[in-house]
Amino acid sequence: MVRVRRLDLPRSAAFAVRLAWRADRRSLVTLMAVQLVTALGLGAGLLLLRTVLDGGLPGGSAARTAGEPSVLVGLAVLLALRAAGGVLGSVTTARQRMLSARLDRHVISLVLGAAVRADLPRFEDPAFHDRLQRAVFASRGQPVVVITTLVAVLQALLTAAAVSGAFLAMAWWLLPFAALSAVPTLRAARAERNASYGLHHGLAESRRLRQYFERLMTGRDEAKEVRALDLGPLLHARWHAEYEREIEGTVRTQRRHMRRKIGARLVGDLLIMAVVGAVALLLGGGLVDLPTALTALTGLWLLSARIQMVGGLMGDIGDSALYLKDLRAFTEADAERPAGRPPVPRFRGLRAERITFTYPGSTRPALKDVSVTLRAGEIVALVGTNGSGKTTLAKILAGLYRPDAGALLFNDRPLADPAALRAVSAVVFQDFVRYKLSALDNIAFGRADEPADEARAAEAARKAGAHGFVSRLARGYATVLGKEFADGEDLSGGQWQRLALARAFYRDAPLVILDEPTAALDPQAEEELFRRIRSLFAGRTVLLISHRFSSVRGADRIYVLDEGSVIEQGTHDELMARGGRYAGLFLTQAAAYLDAPVS
Ligand SMILES: Nc1ncnc2c1ncn2[C@@H]1O[C@H](COP(=O)(O)OP(=O)(O)OP(=O)(O)O)[C@@H](O)[C@H]1O
C-alpha cells in the first residue's frame with residue numbers, strides 16, 4: 001500500500017486549478033462566479049422562506065394571511081430565485097464542457113511534450129514506463145474531474161456558508177451539530193482516496209502489459225505472425241488474466257469503500273435525527289416558535305446534505321487529485337530537456353576513448369574499454385558477432401546514450417552535450433521506423449526542423465534508389481504508406497529500407513551511421529550501394545555496421561568487436577595479413593559463398 005501524504009490533496013487541487021487557468025481561464029472564472037451567485041441566492045432564499053412562513057403560519061410573529069402582499073412578494077421572489085438557479089445551472093453545464101475540452105487537450109499535450117523530450121536511456125527503465133503510464137492515465141479526464149469536483153465543492157461550501165449565515169440569524173446553536181454530522185463522511189472519503197490510489201499505483205505495470213497484448217491482438221503489423229502461429233487465443237487469455245487482477249483489486253477496494261461509506265452515512269444521519277428530536281422537544285417546550293423551527297429544520301436538511309456532498313466529493317476529488325500527483329511529477333521531472341534542435345556544428349572528428357557502458361537495469365557491460373576514431377571524410381566499419389556491442393557503440397557515437405566511463409572527444413574537445421552529436425548525425429537503424437504516413441513524410445522526417453521539400457525528398461530518394469517505386473505509387477510522394485488508412489498502400493521490406501536510407505540522405509548530416517543498412521536489399525542493390533558509398537556520401541563521415549564482410553572491405557578502418565571489446569582494428573588488407581578473427585570470419589563467409597552445396 002502506498003502511503004499518501006496529506007498535503008497531496010491541496011497541492012494537486014492547486015495544480016489542477018493552475019492547469020485550468022492556463023487552458024481556459026474565461027470558463028473557469030465564469031464557473032466560480034456562478035457558484036458564488038447560486039450560493040448567495042440559496043442563503044437569501046432561506047431567510048425569505050422564514051419571512052414567508054412567519055407571515056403565513058398561525059404561530060408566526062407577523063401572523064398575516066397568505067393573501068397579504070409581503071407573503072406574495074416573498075413567494076414571487078422565491079420562484080424567481082428558482083428560475084435564476086435553472087439559468088445558472090445551464091450556464092454551468094455549458095462552461096464545464098468547454099473547459100473540459102480545452103483542459104483535456106492542454107494536459108494530454110503536456111504529457112506528450114514531456115514524453116517526447118525524455119532522453120532515450122529513460123525508455124530502458126521500467127519505472128519510467130510506469131510513471132508515463134500513470135501520467136497518461138491521469139491526463140485522460142482526471143484534471144477535468146478535479147476541476148468539476150472543485151467547482152461542486154466550492155458551490156457546496158459557499159452554500160453551506162450562506163445557509164450557516166442564515167442560521168446565525170435564526171438558530172445558531174444547530175450549526176455545530178450539522179458540522180459534526182459530516183466528520184464520519186469526510187474520514188471515510190480520506191480512507192477511500194488513499195486505498196484507490198494504492199490500487200492504481202500498483203496496477204501500472206499490469207496495465208502496460210495489457211495494452212501490449214491489445215496491440216499484439218489488434219495491430220496490422222503483428223496480424224500476420226499472430227495468425228500464422230495461431231497465437232490469438234493465447235494472447236487473449238493472457239490479456240484476460242491481467243485484466244482479472246485489476247477487476248479483483250477494484251472489487252475488493254469498492255467493497256471496503258461501500259462498507260465504510262454506509263457506516264459513515266448512518267452515523268451522520270443519526271446525529272441529524274438527534275438534532276431534529278431536540279428541535280421537536282424545544283418546540284414542545286415553547287422555547288422556539290414554529291416558523292423558526294421549520295426553517296431551521298429545512299436549513300439543517302439543506303446544510304447536512306451539502307456537507308455530506310462535500311464529503312463524497314472529497315472522496316472523488318481525492319482519487320483524481322492523487323492521480324494528478326503522478327501527472328505533476330511526470331510533467332515537471334521529465335521536462336528538463338528543452339525541445340528543438342541545437343545548431344549543427346562542423347564535424348572535424350569524433351573519438352571514443354576507453355568507453356564503458358552498461359544499459360540501465362543490466363548488470364553486464366555492453367561495452368568495455370572501447371576506443372574508436374572517426375576522422376572527417378572517413379568510412380569506418382564495425383564488425384563482430386551478434387551481441388558484440390556494435391549497435392550500442394553506434395548509439396553512443398550518435399549521442400543517444402552517455403558512456404558510464406571513458407571520454408567522447410568531439411572535434412578534439414570533450415563532448416559537453418550529446419545533443420551536439422545528435423545534431424550532426426543521421427542514423428539508419430537496423431530496426432528503423434516505418435511511418436504510416438505519406439512517402440514524403442517518411443523522407444522529410446529526416447529534417448523535422450524544416451518544412452518538407454518534395455524536390456529535395458525526390459533527390460534523396462534517387463540516391464537511395466527509392467524514387468522509381470515512390471513515383472509509381474498512386475499519389476506519388478503524397479501516398480500514405482499504411483493500409484489502415486484510406487487509400488493507403490504498403491511497400492516491400494527492401495523498399496521500406498530504401499526509404500529509411502532516403503531519410504538519412506535528406507537529413508544531410510556530416511556523420512552518417514548505417515546499422516545493417518542493406519539487410520533487406522537484394523544482393524544486386526546491396527552491391528551497388530556499397531560500390532557507390534564513397535560517391536553517395538562524398539564529404540561525409542560514415543560509420544558502417546555490417547555482417548557482410550565483403551561490404552566493409554573498402555572501409556578506411558575496420559574495428560572488430562567481441563563481447564563488448566575491440567579485439568582487432570585496421571584496414572582489410574592489414575587485418576587479413578594478421579590472420580586473426582577478422583581474417584577467419586572473412587574466409588569462412590567467402591568460402592560459404594563459393595562452396596556451399598545446394599541440396
Ligand atoms: N536495450 C538494452 N538493454 C539491455 N541490454 C541490451 C540492450 N540492447 C542490447 N543489449 C545487450 O547489449 C549487448 C550488445 O548489444 P548490441 O545490440 O550492441 O549488439 P550488436 O553487436 O549490435 O548485435 P547484432 O549483431 O545482433 O545487432 C548484448 O549483450 C545485448 O543483449
R0 of 22 Å, Cβ-Cβ distance Ala274-Thr298: FRET efficiency to nearest 0.05 | 0.80
For region 143-213 and region 530-599, write down the distance between their C-alpha centroids in whole Å.
-> 68 Å
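Subtracting the Cα-Cα distance from 0.36 nm times the residue separation, let me have the gained length for Ala577 to Leu72 in nm, one decimal.
170.5 nm
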Residue by residue through region 301-312, the couplings from Karplus 6.51 cos²θ - 1.76 cosθ + 1.60 with θ = phi - 60°, in Hz, x for Gly and Pro, are 4, 4, 5, 5, 4, 5, 5, 4, 5, 4, x, x
For every helix of n ≥ 4 consecutive DSSP H residues, a contribution of -39,500 (n - 2.57) applies; sum these over the chain, divide by its total residues, and give [θ] at 222 nm rounded to the nearest 500 deg cm²/dmol.
-> -21500 deg cm²/dmol
Residues of region 471-509 with amide N under 20 Å of the 7 Å Cα→Cβ point at Glu528 = 471-473, 477, 491-506
Vicinal HN-Hα couplings computed from phi for region 218-231 (Karplus, 6.51 cos²θ - 1.76 cosθ + 1.60; Hz; Gly/Pro x) | 10, x, 6, 4, 7, 3, 5, 5, 4, 6, 4, 8, 6, 7
Note down the accessible area of Lys483, probe 1.4 Å, to the nearest 10 Å².
-> 120 Å²
Set of aspartates and glutamates with alpha-carbon distance to Lys390 below 12 Å, sequence-local pairs under 8 removed = Asp515, Glu516, Asp562, Glu563
Quick tally, 1.4 Å probe accessible area for Phe530, Phe330, sorted with the most first, runs Phe530, Phe330
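Take the Cβ-Cβ distance between Phe469 and Ala376 as r, set R0 to 30 Å, and report the resulting FRET efficiency rounded to the nearest 0.05.
Numbers: r = 34 Å, r/R0 = 1.12.
Result of the calculation: an efficiency of 0.35.
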Using a 1.4 Å probe on heavy atoms of the protein chains only, the accessible area for Asp221 in Å², nearest 10, reads 90 Å²
Label Ala44 and Trp21 with points 7 Å out from Cα along Cα→Cβ: what is the distance between them in nm?
-> 2.9 nm
If you count, for each residue, the other Cβ atoms within 10 Å and average over each peptide, how do 179-191, 78-90 line up from highest to lowest?
-> 179-191, 78-90
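Antiparallel as a % of all DSSP beta bridges within the chain, to the nearest 5?
Counting DSSP beta bridges with both partners in the chain, the antiparallel share is about 50 percent.
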If the convex hull is drawn through the Cα atoms of region 99-248, its volume per residue in Å³ = 159 Å³
Specify which residue in the list Ala264, Leu157, Leu536 is farthest towards the positive end of the charge dipole of the chain, using unit charges on the beta carbon of Lys, Arg (+1) and Asp, Glu (-1), about the Cα centre.
-> Leu157
With the 1.4 Å probe rolled over protein heavy atoms, the chain has an accessible area per residue in Å² of 51 Å²
Report, to the nearest whole %, how much of the accessible area of the chain belongs to carbon and sulfur atoms, 1.4 Å probe, protein only.
-> 59 percent
Listed residue (Ile567, Ala305, Pro523) projecting farthest to the positive dipole end of the chain, Cβ model = Ala305
Could you work out how far apart the two model spin labels at Phe123 and Glu489 are, taking each label as a point 7 Å from the Cα in the direction of the beta carbon, and quote it in nm?
-> 2.9 nm
Starting from the Cα of Lys395, draw a straight line to each of the lysines and keep only those under 29 Å, dropping any in the same chain fewer than 8 residues away.
-> Lys368, Lys436, Lys463
Taking the Cα centre of the chain as origin and charging only Cβ (+1 Lys, Arg; -1 Asp, Glu), how large is the dipole, in debye to the nearest 20?
-> 1280 debye
Taking the dipole of region 349-595 about the Cα centre (Lys, Arg +1; Asp, Glu -1; charges at Cβ), the one of Ser371, Ala591, Gly580 that reaches farthest to the positive side is Ser371
Give, rounded to the nearest 20 debye, the magnitude of the charge dipole that region 349-595 has about its Cα centre when Lys and Arg contribute +1 at Cβ and Asp and Glu contribute -1 at Cβ.
-> 240 debye
The chain - Rg and Dmax from Cα coordinates, angstrom = 35.5, 121
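The values are calculated or read from the model by the stated rules, or taken from the named source; none is laboratory data. Just so we're clear, the structure is a prediction, and the values are computed from it rather than from any experiment. Cβ sites come from the backbone with ideal geometry, for glycine too, and all protein chains shown count toward neighbours. Only protein heavy atoms, including side chains, enter the accessible area calculation; ligands, DNA and RNA are left aside. Shrake-Rupley method; radii C 1.70, N 1.55, O 1.52, S 1.80 Å.
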